[in-house]
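Input: a single structure, listed below in C-alpha coordinates.
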Amino acid sequence: GFAGKTFSEESKRKISKRNVYISRRINNMKELDLLNRMKMDNNLACMVLTKNRHLLYQTYSAFANAKGGMIVLGVKKYKKGFQIKEIENPQLIKEEILKNLNNEKEVSCNLLQKENIYEMKLLEKTIIIIEVPRAKRHQKPIYLKNNPYLHTYIRKDFRNKVCTQDEVNAMIRENYPY
(Lines give C-alpha, C1' and ligand atoms only; values in the text may rest on other atoms or scores of the structure.)
Protein backbone atom coordinates (compact mmCIF):
# COMPACT_ATOMS: atom_id res chain seq x y z
CA GLY A 1 0.00 0.00 0.00
CA PHE A 2 0.87 3.66 0.04
CA ALA A 3 0.63 4.11 3.84
CA GLY A 4 3.64 5.87 5.27
CA LYS A 5 5.07 6.84 1.88
CA THR A 6 5.44 10.42 0.76
CA PHE A 7 4.82 11.50 -2.81
CA SER A 8 5.59 14.67 -4.71
CA GLU A 9 2.63 16.75 -5.85
CA GLU A 10 3.29 15.65 -9.44
CA SER A 11 3.24 11.96 -8.43
CA LYS A 12 0.00 12.48 -6.51
CA ARG A 13 -1.59 14.11 -9.58
CA LYS A 14 -0.47 11.23 -11.83
CA ILE A 15 -1.79 8.59 -9.39
CA SER A 16 -5.08 10.46 -9.03
CA LYS A 17 -5.42 10.95 -12.80
CA ARG A 18 -4.70 7.24 -13.44
CA ASN A 19 -7.21 6.11 -10.79
CA VAL A 20 -9.93 8.36 -12.26
CA TYR A 21 -9.16 7.00 -15.76
CA ILE A 22 -9.34 3.38 -14.59
CA SER A 23 -12.48 3.93 -12.50
CA ARG A 24 -14.25 5.52 -15.51
CA ARG A 25 -13.45 2.43 -17.59
CA ILE A 26 -14.63 -0.10 -15.01
CA ASN A 27 -18.31 -0.62 -15.72
CA ASN A 28 -19.45 -2.85 -12.88
CA MET A 29 -18.50 -4.59 -9.65
CA LYS A 30 -17.86 -7.91 -11.43
CA GLU A 31 -15.15 -6.21 -13.46
CA LEU A 32 -13.61 -4.62 -10.36
CA ASP A 33 -13.74 -7.93 -8.48
CA LEU A 34 -11.93 -9.68 -11.34
CA LEU A 35 -9.24 -6.97 -11.46
CA ASN A 36 -8.66 -7.38 -7.72
CA ARG A 37 -8.56 -11.19 -7.91
CA MET A 38 -6.01 -11.13 -10.75
CA LYS A 39 -3.46 -9.68 -8.34
CA MET A 40 -3.18 -12.42 -5.72
CA ASP A 41 -5.46 -15.40 -6.30
CA ASN A 42 -3.87 -18.85 -6.72
CA ASN A 43 -7.23 -20.13 -8.00
CA LEU A 44 -7.20 -17.73 -10.94
CA ALA A 45 -5.05 -18.08 -14.04
CA CYS A 46 -4.66 -15.42 -16.73
CA MET A 47 -3.49 -16.38 -20.20
CA VAL A 48 -3.40 -15.10 -23.73
CA LEU A 49 -5.01 -17.47 -26.19
CA THR A 50 -2.56 -19.04 -28.64
CA LYS A 51 -2.98 -21.73 -31.28
CA ASN A 52 -1.43 -24.21 -28.84
CA ARG A 53 -4.17 -24.73 -26.25
CA HIS A 54 -2.17 -27.18 -24.12
CA LEU A 55 -1.63 -24.67 -21.27
CA LEU A 56 -5.36 -24.01 -21.15
CA TYR A 57 -6.17 -27.70 -20.70
CA GLN A 58 -3.31 -28.20 -18.21
CA THR A 59 -4.80 -25.39 -16.12
CA TYR A 60 -8.28 -26.93 -16.44
CA SER A 61 -6.86 -30.25 -15.13
CA ALA A 62 -4.96 -28.51 -12.32
CA PHE A 63 -7.98 -26.56 -11.09
CA ALA A 64 -10.32 -29.54 -11.39
CA ASN A 65 -7.96 -31.75 -9.35
CA ALA A 66 -7.48 -29.05 -6.69
CA LYS A 67 -10.10 -26.59 -5.42
CA GLY A 68 -11.50 -25.41 -8.73
CA GLY A 69 -10.67 -22.02 -10.16
CA MET A 70 -11.13 -19.41 -12.83
CA ILE A 71 -9.27 -19.18 -16.15
CA VAL A 72 -9.23 -15.72 -17.73
CA LEU A 73 -8.52 -15.87 -21.46
CA GLY A 74 -7.31 -12.67 -23.07
CA VAL A 75 -5.21 -11.30 -20.21
CA LYS A 76 -1.44 -11.53 -19.91
CA LYS A 77 -0.24 -11.06 -16.37
CA TYR A 78 3.06 -9.40 -15.48
CA LYS A 79 4.71 -8.83 -12.10
CA LYS A 80 3.48 -5.23 -12.02
CA GLY A 81 0.22 -5.40 -13.92
CA PHE A 82 -1.45 -6.98 -16.88
CA GLN A 83 -2.24 -6.48 -20.54
CA ILE A 84 -5.62 -7.22 -22.09
CA LYS A 85 -5.68 -8.76 -25.54
CA GLU A 86 -9.22 -8.85 -26.86
CA ILE A 87 -10.58 -12.24 -27.89
CA GLU A 88 -11.77 -12.29 -31.49
CA ASN A 89 -14.65 -14.64 -32.32
CA PRO A 90 -15.35 -15.51 -28.66
CA GLN A 91 -18.36 -17.71 -29.53
CA LEU A 92 -16.21 -19.86 -31.82
CA ILE A 93 -13.50 -20.16 -29.14
CA LYS A 94 -16.03 -21.19 -26.47
CA GLU A 95 -17.50 -23.84 -28.77
CA GLU A 96 -14.01 -25.19 -29.57
CA ILE A 97 -13.09 -25.41 -25.88
CA LEU A 98 -16.30 -27.27 -25.01
CA LYS A 99 -15.84 -29.61 -27.99
CA ASN A 100 -12.29 -30.46 -26.84
CA LEU A 101 -13.38 -30.95 -23.23
CA ASN A 102 -15.98 -33.43 -24.47
CA ASN A 103 -13.34 -35.38 -26.41
CA GLU A 104 -12.04 -38.15 -24.12
CA LYS A 105 -8.84 -38.36 -26.20
CA GLU A 106 -8.08 -34.77 -25.09
CA VAL A 107 -9.49 -34.59 -21.54
CA SER A 108 -10.68 -37.43 -19.30
CA CYS A 109 -13.81 -35.65 -18.04
CA ASN A 110 -15.68 -32.46 -18.90
CA LEU A 111 -16.91 -30.74 -15.75
CA LEU A 112 -18.15 -27.60 -17.51
CA GLN A 113 -21.65 -26.61 -18.45
CA LYS A 114 -22.29 -23.80 -20.97
CA GLU A 115 -22.84 -21.33 -18.11
CA ASN A 116 -19.29 -22.03 -16.81
CA ILE A 117 -17.73 -20.44 -19.90
CA TYR A 118 -18.77 -16.91 -20.84
CA GLU A 119 -17.69 -13.63 -22.34
CA MET A 120 -17.04 -10.52 -20.29
CA LYS A 121 -15.94 -6.98 -21.03
CA LEU A 122 -12.82 -5.98 -19.10
CA LEU A 123 -11.71 -2.40 -19.60
CA GLU A 124 -13.87 -2.35 -22.74
CA LYS A 125 -12.28 -5.44 -24.32
CA THR A 126 -13.90 -8.87 -24.70
CA ILE A 127 -12.32 -11.69 -22.70
CA ILE A 128 -13.50 -15.22 -21.89
CA ILE A 129 -13.99 -16.51 -18.35
CA ILE A 130 -13.93 -20.24 -17.63
CA GLU A 131 -15.10 -21.22 -14.16
CA VAL A 132 -13.66 -24.67 -13.49
CA PRO A 133 -15.42 -26.55 -10.67
CA ARG A 134 -13.57 -28.87 -8.36
CA ALA A 135 -13.90 -32.45 -9.59
CA LYS A 136 -15.83 -34.79 -7.34
CA ARG A 137 -13.84 -37.61 -5.80
CA HIS A 138 -15.24 -40.21 -8.22
CA GLN A 139 -14.22 -38.04 -11.23
CA LYS A 140 -10.56 -37.67 -10.26
CA PRO A 141 -7.98 -37.63 -11.59
CA ILE A 142 -8.81 -35.24 -14.44
CA TYR A 143 -6.03 -35.82 -16.97
CA LEU A 144 -5.12 -35.13 -20.59
CA LYS A 145 -4.28 -37.26 -23.64
CA ASN A 146 -5.49 -40.60 -22.22
CA ASN A 147 -2.55 -40.80 -19.82
CA PRO A 148 -3.11 -40.08 -16.13
CA TYR A 149 0.52 -40.77 -15.19
CA LEU A 150 1.98 -38.21 -17.58
CA HIS A 151 -0.76 -35.61 -17.91
CA THR A 152 -2.48 -35.09 -14.55
CA TYR A 153 -1.96 -31.63 -13.05
CA ILE A 154 -2.62 -29.89 -9.78
CA ARG A 155 -2.41 -26.19 -8.88
CA LYS A 156 0.36 -25.18 -6.46
CA ASP A 157 1.96 -21.79 -5.88
CA PHE A 158 0.29 -20.10 -8.88
CA ARG A 159 1.51 -22.81 -11.27
CA ASN A 160 0.33 -26.05 -12.81
CA LYS A 161 2.37 -28.93 -11.46
CA VAL A 162 2.50 -32.40 -13.03
CA CYS A 163 1.30 -34.91 -10.45
CA THR A 164 3.64 -37.63 -9.31
CA GLN A 165 2.68 -41.27 -9.74
CA ASP A 166 1.91 -41.42 -6.00
CA GLU A 167 -0.42 -38.40 -6.25
CA VAL A 168 -2.26 -39.94 -9.20
CA ASN A 169 -2.52 -43.29 -7.38
CA ALA A 170 -3.93 -41.53 -4.32
CA MET A 171 -6.67 -39.92 -6.47
CA ILE A 172 -7.46 -43.29 -8.05
CA ARG A 173 -7.61 -44.99 -4.60
CA GLU A 174 -10.06 -42.30 -3.39
CA ASN A 175 -12.10 -42.99 -6.51
CA TYR A 176 -12.33 -46.73 -5.69
CA PRO A 177 -12.19 -47.00 -1.88
CA TYR A 178 -12.94 -50.75 -1.80
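The values are calculated or read from the model by the stated rules, or taken from the named source; none is laboratory data. All values reported here derive from a predicted model rather than from experimental measurement. Note that each Cβ is placed from the backbone with ideal geometry, even for glycine, and that neighbours are counted across all protein chains shown. The protein model used for the area step is the full one, side chains on, heavy atoms only, and it has no ligands, DNA or RNA in it. Shrake-Rupley method; radii C 1.70, N 1.55, O 1.52, S 1.80 Å.
Per residue, the stretch 49-102 exposes 57 Å² of solvent-accessible protein surface, assessed with a 1.4 angstrom probe and all protein chains in place.
The fraction of accessible area contributed by carbon and sulfur in the stretch 43-158 is 48 percent, rounded to a whole number (1.4 Å probe; ligands and nucleic acids excluded). Grab the beta carbon distance between Thr50 and Gln165, set R0 = 35 Å, and tell me the FRET efficiency rounded to 0.05. After rounding to 0.05, the efficiency reads 0.75.
Between Lys121 and Lys67, what is the label-to-label distance in nm when each label sits 7 Å out along the Cα-to-Cβ direction? About 3.2 nm separates the two model spin labels.
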